[in-house]
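Below you'll find the structure, written out as structure tokens, and then a few comments.
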Amino acid sequence: MKYSEIYAYNIAHNLCPFCSLPENFYLEKSEYFSVTYARAPYTKDHLLIIPNRHVVLFNSLSHEEVRNLMDLVSKWTEILHKEHTDIALLLRDWFIWGSWWKSVDHMHFHLIPDVEVWSIHWCWPSREYLSEKELLKHIAEVKKLEKKPVKSTAKK
Ligand SMILES: [Zn+2]
């Protein structure tokens, strides 16, 4: 299934997919943010960090929420480094009718391994939307990755 079909459905029904994420889709749920596998991933192990409350603008977050967010960015970047070298952090705030292919009002962050950031725009129209089975398989793989020992990042 194509992500563009899901996007159209959500718009038509005024649905926020991040306000109704099933509990088993979370890799981690903390006090203010949750981490999940991107349902329409740009690359393998593409994760999303999403505020638990429906927020559109980054500047609506409290300092406490930002602190929680940065703890999760740090933790999950380290986990992704077990399998990947470059990790891109991408903030998506503002409303969906902005200029840059934003598909969900609910502000969120992407942790995207192994991607040249400029290329995201070009792969958007062909993004696949994972079935629940595929998504849960990826979540299980990343949970295994979470348990792997951390590689030393110190240069010799
Ligand atoms: Zn929402």
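Descriptive notes on the structure:
- Test: residue in the stretch 1-17 that is of a type in the set (A, V, I, L, M, F, W, C) and buried (at least 19 other Cβ atoms within 10 Å of the Cβ): no
- In this structure, Tyr7 does satisfy being out of contact with any Asp or Glu (no Cβ under 6 Å at 6 or more places or on another chain) and of a type outside the set (A, V, I, L, M).
- Within the stretch 52-68, the residues that satisfy the criterion of being within 16 Å of the ligand (Cβ to nearest atom) and either within 21 Å of Glu146 (Cα to Cα) or of a type in the set (S, T, N, Q) (or both) are Asn52, Ser60.
- Total residues in the stretch 18-38, condition acidic (Asp, Glu) and loosely packed, with under 15 Cβ neighbours inside 10 Å: 2
- Summed over the stretch 16-38, the residues that are part of a helix (DSSP H, G or I) and either at positive phi or within 15 Å of the ligand (Cβ to nearest atom) (or both) give a count of 5.
- Scope the stretch 5-35; condition of a type in the set (Val, Ile, Thr) and over 27 Å from Met70 (Cα atoms); matching residues: Ile6, Ile11
- Of all the residues in the stretch 1-15, those that are outside any helix (DSSP H, G or I), within 13 Å of the ligand (Cβ to nearest atom) and either under 19 Å from Glu146 (Cβ atoms) or in contact with a helix residue (DSSP H, G or I) (Cβ under 9 Å, 6 or more places away or on another chain) (or both) number 1.
A short reminder: the numbers here are calculations on the coordinates, not readings from a lab. Just so we're clear, the structure is a prediction, and the values are computed from it rather than from any experiment. Counting neighbours? That spans all protein chains shown, and the Cβs are built from the backbone with ideal geometry, glycine included.
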